[in-house]
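Just so it is clear, none of the values below were taken in a lab; they were calculated from the coordinates. Quick caveat: nothing in here was measured; it's all calculated off a predicted structure. Note that each Cβ is placed from the backbone with ideal geometry, even for glycine, and that neighbours are counted across all protein chains shown.
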Amino acid sequence: MTKTVSARTEGPSRAEVQRRILIVLVGAQVLSGAGLAAGVTVGALLAQDMLSSTSLAGLPSALGTAGSALAALAVGRVSQARGRRPGLAAGYLTGAVGSAGVIAAAVVGNAVLLFLSLFIYGAGTATNLQARYAGADLASPARRASAVSTVLVATTLGGVVGPNLAAPTGDLAHALGVPHLAGPFLLAGAAYAMAALILAIWLRPDPLLLASALEAERTAVVNAQPGDATGRPDAAVEGNRSRLVVGALVMVLIQLVMVAIMTMTPVHMHDHGHGTGASGFVIAVHIGAMYLPSPLTGWLVDRYGRLTIAATSGLTLLASGIIAASAPADSVAPLVVALALLGLGWNFGLITGTAITTDAVPLATRAKTQGMVDVAISIAGATGGMASGLVVAAASYPLLAIGGGILALAIVPAVVVTARSQ
């Protein structure tokens, strides 16, 4: 397999192959962003409508992120064994199957089928995140954050358009005899299926397999030379377990806080008289802020360092929680600002954490380790989604928001300790 990949890419340079791979990933991410955002917009409302209970409104998010945990592990293992292309394509196809199941559950009014389908639907979310690693496989350490940011920003278009299609897709669903709230899952299923097709056809050569082949060739050349054959410029970084832990911790905390606040914001708005259009707009701004600043974030991380931007992530999420907690119930504008900062803080943390994680693990175990890290991220998201409904039902949305901001602030001391230990 290594020889095949190497021979196939003897002509184009590594930089040319990287550019082509990023173009393919961008196309797939635009579609997957629409699939991801569509389900986020109405998932909690659909469960609330079927169960007539606010306390369980966070369950769809919890199930989706729990499903994404299993999918992250599977995608990581498949990618390590066979390459990014089959791993990512299979993940998106699974997300499409889950979308179809949600629609069927809404039609027959079966809550058990709804929850099972939402669990399967979570594979799309996991795959959307795993794609960022594919963008970094062939990037140099000094450009990894920028490569990750290119893949993430591609999700912006679909992520912003998806929630704003909640009403039109709902009307389409109604015309087809499907409940209105299940409409966005029509878009999600089609988008995920098309993303899988694009990757299966055009993600060639496979970035992880090519990176492994090039690394093997480089190592063979170094070992053939007299003198120190073990030295790699970044070996100390790649072997640093403490940095791996910090990278994972940053991504776990930002995911937990982001999912919890994002999940309950549409429910909070609905309970105070705001329509689907208003909540869709807020979520659209939020998802835009999650991905649109990615090029700037990537440059900042490569320019000023991983740990500095990681700390900035925690502070930004704290500001988001304070604004959301203090927002008047009848006002949309403060929630727009709060959810924008929530997305921005998540963006800072995800790009930083991804760069740190990629730096810290060798190619021989990279995809597998990244998959395990994303399992932890998904579990954190599931915890945040499930706990969010319980917290709001038992206390209030403002308490959830301020509590999430304070929790995110834990990133700062972790970063300080790591910086001092270097």
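Under the classification rounded if a/c is under 1.5, otherwise prolate if a/b is larger than b/c and oblate if not, where does the stretch 57-97 fall, given a ≥ b ≥ c as square roots of the Cα gyration tensor eigenvalues?
Values: a/c = 4.87, a/b = 2.13, b/c = 2.28.
Because a/c hits 1.5 or more and a/b fails to exceed b/c, the stretch 57-97 counts as oblate.
Show me the helices of the chain, taken as full DSSP H stretches, that run 18 Å or more along their long axis by Cα and average -1.0 or above in Kyte-Doolittle hydropathy.
14-51, 59-82, 84-108, 111-136, 183-202, 207-224, 241-271, 276-291, 306-326, 333-360, 366-394
At 7 Å along Cα-to-Cβ for each site, give me the label-to-label distance between GLU16 and THR308 in nm.
In this crude spin-label approximation the distance works out to 3.6 nm.
Per q in 0.13, 0.19, 0.22, 0.23 1/Å, what log10 I(q)/I(0) does a Debye calculation on the alpha-carbon atoms of the stretch 273-330 return?
Cα-only, vacuum Debye calculation for the stretch 273-330: -0.48, -0.84, -0.98, -1.02.
Treating the Cα atoms of the stretch 300-422 as identical point scatterers in vacuum, please give the log10 of the normalised Debye intensity I(q)/I(0) at q = 0.21 Å⁻¹, two decimals.
-1.24
Can you tell me what the convex hull of the Cα atoms of the chain projects to on average, as an area in nm²?
19.2 nm²
Which Rg and Dmax, in Å, describe the Cα atoms of the stretch 82-161?
That works out to 15.8, 53 Å for Rg and Dmax.
For the stretch 133-197, compute Rh as the Kirkwood radius over C-alpha pairs and then the Stokes-Einstein diffusion coefficient at 37 °C and 0.692 mPa s; write the answer in µm²/s, rounded to an integer. Can you show the working numbers first?
On the way: Rh = 13.8 Å.
Here the translational diffusion coefficient equals 239 µm²/s.
Does the stretch 87-226 come out rounded, prolate or oblate by the C-alpha gyration tensor, with a ≥ b ≥ c the root eigenvalues, rounded set by a/c under 1.5 and, if not, prolate when a/b is larger than b/c and oblate if not?
prolate
Compute the Rg to Rh ratio over the stretch 242-314 from the alpha carbon atoms, using the Kirkwood formula for Rh, and round to two decimal places.
Using only Cα positions, Rg/Rh for the stretch 242-314 is 1.09.
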